[in-house]
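Novice: This structure is in structure tokens; I'll ask about it shortly.
The values are calculated or read from the model by the stated rules, or taken from the named source; none is laboratory data. This structure is a prediction, so every number in the text was calculated from the model and none was measured. Don't worry about glycine lacking a Cβ; one is built from the backbone with ideal geometry, like all the others, and counts go over all protein chains shown.
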Amino acid sequence: MPRSLRHGRQMVSIPGPSVIPDRVLAAMHQPMPNIYEGELIDTSNSVLNDLPAIARTTGNVFIAVTNGHGAWEMALTNTLSRGDKVLVLESGVFATNWGQMGETMGIKTQTLPGADRAPVDPDAVETTLRADKAGDIKAILVVQVDTATSVRNDIPAIRAAMDAAGHPALLMVDCIASLGCERFEMDKWGVDVTVAGSQKGLMVPPGLAFVWASPRAMQAYQSADLRTGYWDWGPRSGEDAHYLRYCGTPPIQHIYAMRAALDMLKEEGLENVWWRHQVLADAVRAAIDAWGHASEIEHNITSTAHRSNAVSTVLTGALDADRMREIAEQEAGLVLGINVGDLGNAFRIGHMGHLNPPMLLGTLGTVEACLLQMGVALPVSGVGAAAAEIATGLSPAD
Ligand SMILES: *Cc1c(COP(=O)(O)O)cnc(C)c1O
């Protein structure tokens, strides 16, 4: 084996799956319980009871044994009918992919074009909805955070645009990258359907996904003819057999993992979780600013107000970002996010979930070392700038 600095625990700084806390891993390490009664059912019920608060809703929540793509399908099949039209608010890649999945199911899509470096424009949403005089648009599909571009869309502003247009479409928000990272207030913001997965801000391995449904979404369910046996909310809401909630054998290890992760979120407090993500994301942004001082490195998202607290997409100009990632992974044990979409030379840093300053500074310091090794001029240290930002989150001396 050639000599290398990579030995030790590999740091995975991709935007999901995120770092799994040891406490969550330990909670999963259990033999099979009785799946029909007893402790597993109690744990599952407690997870179901705690999930609405994570999305800040008093509405219903459904858990599915699937990933984010499955949650997309569950959301659409339970609320829409064949031939219904949805308005896709293009933003990076994920809202578009959600719409394309709908098309395979017989949903028609209209797309409001977006940009790779900016958020969805709420004024354009209002104009589009005002033009829909016949009320053909049944739902709006939007991501809170697009994981490819690292934009954070302004969901309350999009809701306000819908209200200004007086349009009755359901508002469906993909929070797969952002739940547990960014402030999200499902009820207060008037969101009808929220979807998320277990493996990003929620710190659990991939395999579970969640759909939260407002009373209006449950009303739409009554007439939705895209319902299918597996995703159908009806049997999953019943009281009689617990296993129907999962449409079959429950995902036992994932239920234990979710219990541990929800305990961690509760102990820290959701507001504190959001604050921690803000401070750590500010540190990442300070590093990117510093790296860009004398080089072509820059934030993909141009407006500071719309940069996500969960993931940062970094443009590297002429610098070969793939080569940089390769050096980071093979020689230094750091896995960075690949460029998704047509952004040119770019890489992504995930900063979601179970993360603290030593982990994040390790990632930023390793990126800086790789940039230096590739000959990038860095008269200002990104790590220094990040540390200064993190200092603002530490208690002042008495
Ligand atoms: C990760 C992600 C998805 C896809 O989730 P999977 O679990 O990979 O199916 C969808 N939307 C967003 C915003 C994501 O970040």
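Residues checked against (1) among the acidic types (Asp, Glu); (2) touching a helix residue (DSSP H, G or I) at 6+ places or on another chain (Cβ under 8 Å); (3) closer than 28 Å to Asp146 by Cα:
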site	(1), (2), (3)
Ser4	no, yes, no
Gly8	no, no, no
Pro21	no, yes, yes
Ala64	no, yes, yes
Asn67	no, no, yes
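Novice: Also, quick follow-up: Here is a check on your reading of the model: is Thr43 of a type outside the set (Lys, Arg) and out of contact with any strand residue (DSSP E or B) (no Cβ under 9 Å at 6 or more places or on another chain)?
Specialist: yes
Novice: Check Asn272 against each of (1) farther than 26 Å from Ala386 by Cβ; (2) away from the ligand (no atom under 16 Å from the Cβ) and name the one condition it does not meet.
Specialist: Condition (1) is where Asn272 drops out.
Novice: Related question: Can you name every residue in the stretch 275-308 that is among the hydrophobic types (A, V, I, L, M, F, W, C), surrounded by fewer than 17 Cβ atoms within 10 Å (Cβ to Cβ) and within 17 Å of the chain's Cα centre (by Cα)?
Specialist: Passing the criteria: only Trp275.
Novice: Which condition breaks for Ile301 when tested against (1) out of contact with any strand residue (DSSP E or B) (no Cβ under 7 Å at 6 or more places or on another chain); (2) touching a residue at least 12 places away in the same chain (Cβ under 8 Å)?
Specialist: (1)
Novice: With the requirement that a residue be among the polar types (S, T, N, Q) and within 14 Å of the ligand (Cβ to nearest atom), what does the stretch 60-108 give you?
Specialist: Correct list: Thr66, Asn67, Ser91, Thr96, Asn97, Gln100.
Novice: Something else about it: Please state which one of Pro21, Pro17 is more than 28 Å from Trp231 (Cα to Cα) and out of contact with any Phe, Trp or Tyr (no Cβ under 8 Å at 6 or more places or on another chain).
Specialist: So the residue among Pro21, Pro17 that is more than 28 Å from Trp231 (Cα to Cα) and out of contact with any Phe, Trp or Tyr (no Cβ under 8 Å at 6 or more places or on another chain) is Pro21.
Novice: Just to be sure before I move on: is Leu360 part of a helix (DSSP H, G or I) and either at pLDDT 95 or above or within 30 Å of Ala115 (Cα to Cα) (or both) in the structure I sent?
Specialist: Yes; evaluated as a whole, the condition is true for this residue.
Novice: Based on this model, can you work out whether Ala377 counts as surrounded by fewer than 21 Cβ atoms within 10 Å (Cβ to Cβ), under 28 Å from Pro17 (Cβ atoms) and more than 26 Å from the chain's Cα centre (by Cα)?
Specialist: Taking the combined requirement at face value, the residue does not satisfy it.
Novice: Considering each residue of the stretch 98-109, count those that are part of a helix (DSSP H, G or I) and more than 15 Å from the chain's Cα centre (by Cα), and give that number.
Specialist: Counting residues in the stretch 98-109 that are part of a helix (DSSP H, G or I) and more than 15 Å from the chain's Cα centre (by Cα) gives 6.
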